[in-house]
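A.B. asks: Quick one: the structure is below, and I'll ask about it shortly.
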Amino acid sequence: MTEESRFILDPATRDLHADNRRLREAGPLVPVTAEGVPAWAATRYATLLTVLTHPNLSREICHWAARHSSPPGTAIDRIVTDTSMLNAEGDEHRRLRTAVAGAFTPRRLEGLRPKIESLTGRLIDRLADLPPDQPVDLRKEFAYPLPREVISELIGIPAGHQDELHELSDAVAQVGGSLDDTPELRKALHELLGQIIDQRRDTPGEDLITDLFRLREQDGVRLSTDELFATIELLFIAGHVTTVNLITNAIGALLNEPGQLDLLRSGKCPFSAAVEETLRWDSPIAYFPMRYAVRDIEIDGVHLRAGEPILACFASAGRDPGHYGEAAHLFDLTSPPATHLSFGHGPHFCLGAPLARLEAEVALTALFGAFPEIAPAAPPEELCPLDTLLGNSTRTMPAVLGPRSR
């Protein structure tokens, strides 16, 4: 196959969903180039479901035939070289996942609910203090600080490190600020998290870092120092950046899709439906690397050779008319999806899915309840998308709030 026959995935595309429509029309598995890496793209719902659960596809990078020629320093490179449970399989994956599963039990999450509601209330108060007739960036001022503070609380980030950590994570979440998301910035974030972990070793508390230190001493779930660090880094970044995108995208949909917000305010549809429909219709993740063929296999009539990588196209699968019908491109709260794949499927299903759902539902309920006259401050087509293959959202979400409800 020649490079000319491949789709080039553009991280800065102005219309991700139009790109994905063309990919779906090209086939269930489409040859693409992503950040200089040739790969197959799983474009349709059924194909992606097969890819996520296929016994002869693995996330372990040792199975990637061209791994040594992959460009360094890219978003794909950061993901595929991660040494946490993200890229582990089998018993190793279960061992690493078990070590953190306790942080996401229903009991632990219900314990977080009052804190999430309290933090959301403080953010609403801060928004209400702003001029009601002037645009405010709801990504920066609302969608971002909520999950950032929640994951900091869950993990156990000491107050003395939060300002510096937040400055670095601002760049990762693309919410403005003076820093860009570069390999150097990622290194600084890596080093700072290392300092935090070292500090928490001597100051245990009711948090995930303390839990992991305790688990290191228990037979069967021992974590090496490198594994502990990789796990904390994964949970901190993945634990809030994708939720920022979820809340941002949901706000955008409810502000711009006619009649949908009225369904929520009238009580005809619950806010949980808005969360699930956003996850389907505008997935927080665009493309996610990689799964590798362990041996030669065939999926949906496409022959894959051992060692070839596959990219998961979550945003594309969510609008697949072959699964959701001809109205798949419409945001419709009256028929929320019975299923979607935005949190993955199978053993690698997102551990933080219940937390993301809880945060988004609390945030949307509070925001649209507090500001009955809220309106978009710019049309969707004028908003700049994230300049990354991984995340699907906009850099800003400007809105005019209007007066707070009484």
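A.B. asks: Just a yes or no: is a residue in the range 44-52 touching a helix residue (DSSP H, G or I) at 6+ places or on another chain (Cβ under 7 Å) and over 13 Å from Gly318 (Cα atoms)?
C.D. replies: Initially, the range 44-52 is screened for residues touching a helix residue (DSSP H, G or I) at 6+ places or on another chain (Cβ under 7 Å), giving 44-46, 48, 52.
Okay, now just the ones that are also over 13 Å from Gly318 (Cα atoms), so 52.
Yes - at least one qualifying residue is present in the range 44-52.
A.B. asks: Let me ask you something else. State whether the residues of the range 49-64 include one that is part of a strand (DSSP E or B) and either in contact with a strand residue (DSSP E or B) (Cβ under 9 Å, 6 or more places away or on another chain) or of a type outside the set (Lys, Arg) (or both). Explain how you work it out, then say what you get.
C.D. replies: Applying the first criterion (part of a strand (DSSP E or B)) to the range 49-64 yields 57-58.
After this cut, where a residue has to be either in contact with a strand residue (DSSP E or B) (Cβ under 9 Å, 6 or more places away or on another chain) or of a type outside the set (Lys, Arg) (or both) as well, the list is 57-58.
Yes, the conditions are met somewhere in the range 49-64.
A.B. asks: Give the range 335-347 a look and list any residue that's surrounded by fewer than 20 Cβ atoms within 10 Å (Cβ to Cβ) and out of contact with any Asp or Glu (no Cβ under 9 Å at 6 or more places or on another chain), or say none. Steps first, please.
C.D. replies: First, pick out the residues of the range 335-347 that are surrounded by fewer than 20 Cβ atoms within 10 Å (Cβ to Cβ): 335-339, 344-347.
Ala338, Thr339, Gly344, His345, Gly346, listed by residue number.
A.B. asks: Looking at the range 20-37, which of the residues that are surrounded by fewer than 16 Cβ atoms within 10 Å (Cβ to Cβ) and in contact with a strand residue (DSSP E or B) (Cβ under 9 Å, 6 or more places away or on another chain) is nearest to Val302 (Cα to Cα)?
C.D. replies: Of the range 20-37, the ones surrounded by fewer than 16 Cβ atoms within 10 Å (Cβ to Cβ) are 22, 25-26, 33, 36.
Okay, now just the ones that are also in contact with a strand residue (DSSP E or B) (Cβ under 9 Å, 6 or more places away or on another chain), so 22, 26, 33.
On the way: Arg22: 18, Ala26: 12, Thr33: 17 Å.
Here the answer is Ala26.
A.B. asks: Could I ask something else about it? Among the residues that make up the range 121-129, is at least one of them touching a helix residue (DSSP H, G or I) at 6+ places or on another chain (Cβ under 9 Å), of a type outside the set (A, V, I, L, M, F, W, C), farther than 19 Å from Gly239 by Cβ and part of a loop (DSSP other than H, G, I, E, B)?
C.D. replies: No; the residues of the range 121-129 include none that is touching a helix residue (DSSP H, G or I) at 6+ places or on another chain (Cβ under 9 Å), of a type outside the set (A, V, I, L, M, F, W, C), farther than 19 Å from Gly239 by Cβ and part of a loop (DSSP other than H, G, I, E, B).
A.B. asks: Still on this structure, I have one more. Do we find a residue being of a type in the set (S, T, N, Q), farther than 24 Å from Phe229 by Cα and in contact with a Ser or Thr (Cβ under 9 Å, 6 or more places away or on another chain) anywhere in the range 83-103? Outline the logic, then answer.
C.D. replies: We begin by selecting, within the range 83-103, every residue of a type in the set (S, T, N, Q); these are 83-84, 87, 98.
Next, only the ones that are farther than 24 Å from Phe229 by Cα stay: none.
No, because not a single residue in the range 83-103 is of a type in the set (S, T, N, Q), farther than 24 Å from Phe229 by Cα and in contact with a Ser or Thr (Cβ under 9 Å, 6 or more places away or on another chain).
A.B. asks: Looking at the range 361-393, which of its residues are of a type in the set (Gly, Ala, Ser) and not in a loop (DSSP other than H, G, I, E, B)? Step through it out loud before you land on a result.
C.D. replies: Here is the first cut: in the range 361-393, the ones of a type in the set (Gly, Ala, Ser) are 363, 366, 369-370, 375, 377-378, 391, 393.
Matches in the range 361-393: Ala363, Ala366, Gly369, Ala370, Ala375, Gly391.
A.B. asks: With the structure loaded, tell me whether Ala338 is of a type outside the set (Asp, Glu), free of Cβ contacts under 8 Å to residues at least 12 places away in the same chain and farther than 20 Å from Leu355 by Cα or whether it fails that test. Walk me through it before giving the result.
C.D. replies: Numbers: of a type outside the set (Asp, Glu): yes; free of Cβ contacts under 8 Å to residues at least 12 places away in the same chain: yes; farther than 20 Å from Leu355 by Cα: no.
Judged against the criteria, Ala338 is not a match.
A.B. asks: Another question about this same structure. Quick check on my filter: what residues within the range 341-359 are assigned to a helix (DSSP H, G or I) and either farther than 18 Å from Thr278 by Cα or of a type outside the set (Gly, Ala, Ser) (or both)? First the steps, then the outcome.
C.D. replies: Step one: list which residues in the range 341-359 are assigned to a helix (DSSP H, G or I), which gives 346-348, 353-359.
Residues satisfying the conditions are Gly346, Pro347, His348, Pro354, Leu355, Arg357, Leu358, Glu359.
A.B. asks: List every residue pair whose Cβ atoms lie under 6 Å apart, where the two residues are 6 or more positions apart in sequence or sit on different chains, the first residue falls within the range 285-308 and is in contact (Cβ under 8 Å) with a residue 24 or more places away in the chain and more than 28 Å from Leu16 (Cα to Cα), and the second residue, located anywhere, is of a type in the set (A, V, I, L, M, F, W, C) and in a strand (DSSP E or B).
C.D. replies: Ile297/Leu304; Ala306/Ala293
A.B. asks: Now a separate question. Across the range 309-326, which residue is surrounded by the most Cβ atoms within 10 Å (Cβ to Cβ) among those that are of a type in the set (Gly, Ala, Ser) and part of a loop (DSSP other than H, G, I, E, B)? Can you show your working first?
C.D. replies: Here is the first cut: in the range 309-326, the ones of a type in the set (Gly, Ala, Ser) are 312, 315-318, 322, 325.
Okay, now just the ones that are also part of a loop (DSSP other than H, G, I, E, B), so 318, 325.
Working: Gly318: 27, Gly325: 10.
Restricting to residues being of a type in the set (Gly, Ala, Ser) and part of a loop (DSSP other than H, G, I, E, B), the top hit is Gly318.
All of the numbers you see were taken from the coordinates with simple rules; none came from a lab. Note that the coordinates shown come from a computational prediction; the quantities given were computed from them, not determined experimentally. All Cβ positions, glycine included, derive from the backbone under ideal geometry; neighbour counts span all protein chains shown.
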